[in-house]
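> My questions all concern the structure below.
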Amino acid sequence: NAGVTQTPKFQVLKTGQSMTLQCAQDMNHEYMSWYRQDPGMGLRLIHYSVGAGITDQGEVPNGYNVSRSTTEDFPLRLLSAAPSQTSVYFCASRDGDVPFGNTEAFFGQGTRLTVV
Amino acid sequence: GENVEQHPSTLSVQEGDSAVIKCTYSDSASNYFPWYKQELGKRPQLIIDIRSNVGEKKDQRIAVTLNKTAKHFSLHITETQPEDSAVYFCAASIGGTYKYIFGTGTRLKVLA
């Protein structure tokens, strides 16, 4: 049981390049999310998904696309990288809502992205 | 929109003292409030959580209190140890959605 796995761990892109950050979980969780972490700004939600085929925008979705074709995978695509997208990206997954409330989110190890 | 405010941004305490971190939230429909600890270069990990039907929860040296009327919740760490040094994030579920909104984090330093 690997939990939430992100690849790559580190990436350097040139402005205008595109790339996909991979995220996979083996816990059969319904909910998956992408966050970016910047100094002094905490974790900000980019996109999230409540199940295969269903995605929605978070707080800072511009410049990013997602899809959820399977329960296990939730890739994040940067369409045309900009220096403002330099950040640490975390994928998280959690079980669907249980009786009496929400559930713990499990995070991947993060991807440190630098756009030059 | 909904937001979560967290204070202080940095906190230094002597080993053995207590540390308190406070968060306020804006959405009265929020019903789940987790706290995450993130060590340097690592992923955030859940340390304790509380649901809206409970006012206080304790797990060894860590406790969380919730005041629904005032819309704030706090993390209390007693008998702090150097390994408690990390960044701590609070979060709140956004009522009616599946989203969690995070606070901006508190860097806790425990001085030996």
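> Charges only on Cβ, +1 for Lys and Arg, -1 for Asp and Glu: so what's the dipole of chain A about the Cα centre, in debye to the nearest 20?
Numbers: 8 positive and 10 negative charges, 118 e Å.
Here chain A has a charge dipole of around 560 debye.
> Hey, another quick one. Along its principal axes, what span do the Cα atoms of chain A show, with the longest given first and each in whole Å?
Answer, in whole Å and largest first: 46, 29, 25 Å.
> Related question: Mean shadow of the protein assembly as shown, computed from the convex hull of its alpha carbons, in nm²? Walk me through the numbers before you get to the answer.
Numbers: hull surface 49.8 nm².
Taking a quarter of the hull surface, the average projection is 12.5 nm².
> May I ask you to give the percent of accessible area on the protein assembly as shown that is carbon plus sulfur, with a probe radius of 1.4 Å?
48
> Let me ask something else. Listed here are the pairs A:LYS9/B:LYS58; B:LYS57/B:LYS109; A:LYS14/B:LYS109; B:LYS22/B:LYS42; which of them are more than 31 Å apart at the Cα?
Beyond 31 Å between Cα atoms: A:LYS9/B:LYS58; A:LYS14/B:LYS109.
> Write down the accessible area per residue of chain A in Å², having rolled a 1.4 Å probe over the full set of protein chains.
Values: 5300 Å² over 116 residues.
Result: 46 Å² per residue.
> Would you mind classifying segment B:1-80 by shape? Square roots of the alpha carbon gyration tensor eigenvalues, ordered a ≥ b ≥ c; an a/c under 1.5 is rounded, otherwise it is prolate if a/b is larger than b/c and oblate if not. Walk me through the numbers on the way to the answer.
Details: a/c = 1.69, a/b = 1.46, b/c = 1.16.
Prolate is the answer for segment B:1-80, as a/c is 1.5 or above and a/b outweighs b/c.
> Given H placed 1.01 Å from N in the peptide plane, which residues other than close sequence neighbours of B:SER85 have an amide H under 5 Å from its amide H?
So B:SER85 has HN proximity to B:VAL110.
The values are calculated or read from the model by the stated rules, or taken from the named source; none is laboratory data. Everything quoted here is computed from the prediction, not taken from an experiment. Here Cβ is always computed from backbone atoms with ideal geometry, including for glycine, and neighbour counts include all displayed protein chains. The protein model used for the area step is the full one, side chains on, heavy atoms only, and it has no ligands, DNA or RNA in it. Shrake-Rupley method; radii C 1.70, N 1.55, O 1.52, S 1.80 Å.
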